[in-house]
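What follows is a set of notes on a single structure, which appears directly below.
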Amino acid sequence: MSLIPAHRQQHSLLPDFTDVWNSLAPAAGLASMFGTHLLRVEDTVDDGHYVVRAEIPGVDPDKDVEVSVRDGQLTIKAERSEKHEEKGRSEFSYGSFVRTVTLPQGADEDAIEASYAKGILTVSVPVAEPAGEAKKVQVKQGE
């Protein structure tokens, strides 16, 4: 069992759901219906910390980024406003972005830290070691 909830298979032949959603949702009108894009994230468990990094270039972390935790779910929200320029085309994504990941067991929700540098939001959550092995339960035969 993996402790990395947002982890995906490296070198997979299948496209990432985020890629599919972000490419199809605008064309199908789904982005405006739901009003959000999925954030691209990567995560690791390293040195007793679960670390989530989100790619959010071009935002002001004080005004445009919100990190929250509730019931073992870490949610990152961001808003990037479109600059209206008539000089050419843009492939940038604007609007609301969101991603929720499940925290691993033993995560200390009261000690979460977040920082933003060079377009990357890094959220670090201390994780305690699992409390021993699973306990075996005797199965009794019924009559």
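A few notes on this one:
- Selected from S90, P57, G106, residue furthest toward positive end of dipole (the stretch 41-125; charges at beta carbon): S90
- Carbon and sulfur %, accessible surface of the stretch 41-125 computed with the full protein complex present, 1.4 Å: 42
- R40 long-range amide H proximity, modeled H, under 5 Å: E55
- Average accessible surface area per residue within the stretch 75-143, 1.4 Å rolling probe, Å²: 85
The values are calculated or read from the model by the stated rules, or taken from the named source; none is laboratory data. What you are looking at is a predicted structure, and each value in this text was computed from that prediction instead of being measured. Here the Cβ is made from the backbone with ideal geometry for all residues, glycine too, and neighbour counts use every protein chain on show. SASA here: full protein model, heavy atoms, side chains in, ligands and nucleic acids out. Shrake-Rupley method; radii C 1.70, N 1.55, O 1.52, S 1.80 Å.
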